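Colleague: Handing you this structure, nothing more for now.
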Amino acid sequence: MLKKRTILSVASILCVCLLVGGYFVSRSISSKIAVSSVSELKPDVPDAPDRELIDPSEKVLLSDERLFMASRLAPPCLEAYAWMAKQPKVSNFCIIEGKIVYQEEWEHPMFEDAETNEAMHEKYGVGMTTIDMVYTLDLEHVWYGDIPESQQQMQFFIGGEEDTMITKPEVGEHVLMFLYMEGERYTSLDVEHAIFTVNDDGTLYSFSNEEALYQYDGQPVQNLVDDFYRIFDETEATPYFDSSGYIDE
């Protein structure tokens, strides 16, 4: 009888050990599967190819220059951007650098005010919605602005679908951008003119076809940043613009 009880006790202990061991093994396997699933779901974002320097006259912008240029205080240039950075109405102005990791279409009402949007819809009988592109960027450097150091990503939008209205960067592209807050989202300060690609060797490629900005093509990022800060320090909050649209020095 004693021998039988001993055998049963040993068997019970072995069963408990097997159950406990099985539990931890299953936890380990489940953990590995979970990690594997997360890794598989995370998209692999390749680096976009470098943009080759071209003759500025060959830079064709999707934005309608006649429309945008007609209402400018000044042509696209760092002087204008430094002035805009000091204006209270230009909310959350910043200069950021990072890699674009995701993009998606954003369909939204054409007018933020719901009553206006509905009134326009009734008047013209068409849907008052528009489509823009929203980008997610892995932040690498904040050259100017009040973005928290702990923030690792940010989103911004650029008007129009992928191939309309404004020339747009690609997913995987390393960019330097001048942004400001429009509504609740960041957007380009000055259509394509405020967008630069940063190539693998650390040199810039401006999307702009304005000399004041494409002069930085092939130059290091630091050159542009240093010039901006120098101009920012020299620029008054309310400079005078002459009738031609240029800053009167």
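Colleague: What ³J(HN,Hα) values, in whole Hz, does the Karplus curve 6.51 cos²θ - 1.76 cosθ + 1.60 give for the range 137-154 when θ = phi - 60°, with x put for Gly and Pro?
Modeller: 10, 7, 5, 10, 7, 10, 7, 7, x, 9, 8, x, 4, 6, 6, 9, 9, 8
Colleague: Right, here's the next one. Please give the FRET efficiency for E58 paired with Q219, using the beta carbon to beta carbon distance and R0 = 25 Å, rounded to the nearest 0.05.
Modeller: 0.85
Colleague: For Y186, which sequence-distant residues (separation of 5 or more, or a different chain) have an amide H within less than 5 Å of its own amide H, given hydrogens modelled in the peptide plane?
Modeller: Placed amide hydrogens put F157 under 5 Å from Y186.
Colleague: Quick one: which residues, 5 or more positions from E140 or on another chain, have an amide H under 5 Å from its amide H? H modelled 1.01 Å from N in the peptide plane, none for Pro or chain starts.
Modeller: Distant-sequence amide H within range of E140: E97, G98, K99.
Colleague: Can you tell me the FRET efficiency between D226 and T129 if r is taken as the Cβ-Cβ distance and R0 is 45 Å, rounded to the nearest 0.05?
Modeller: So the FRET efficiency works out to roughly 0.60.
Colleague: Under the rule of at least 5 residues apart or a separate chain, name every residue whose amide H is placed under 5 Å from the amide H of E192.
Modeller: The answer is T167.
Colleague: Label-point separation (nm) for D233 and E182, each offset 7 Å from Cα along Cα-to-Cβ?
Modeller: If labels sit at D233 and E182, their model points lie 3.2 nm apart.
Here, each number is a calculation from the coordinates, and none is a lab measurement. Not measured: the values here are computed from a predicted model. Positions of Cβ are generated from backbone atoms using ideal geometry, with glycine treated the same way; all protein chains shown enter the neighbour counts.
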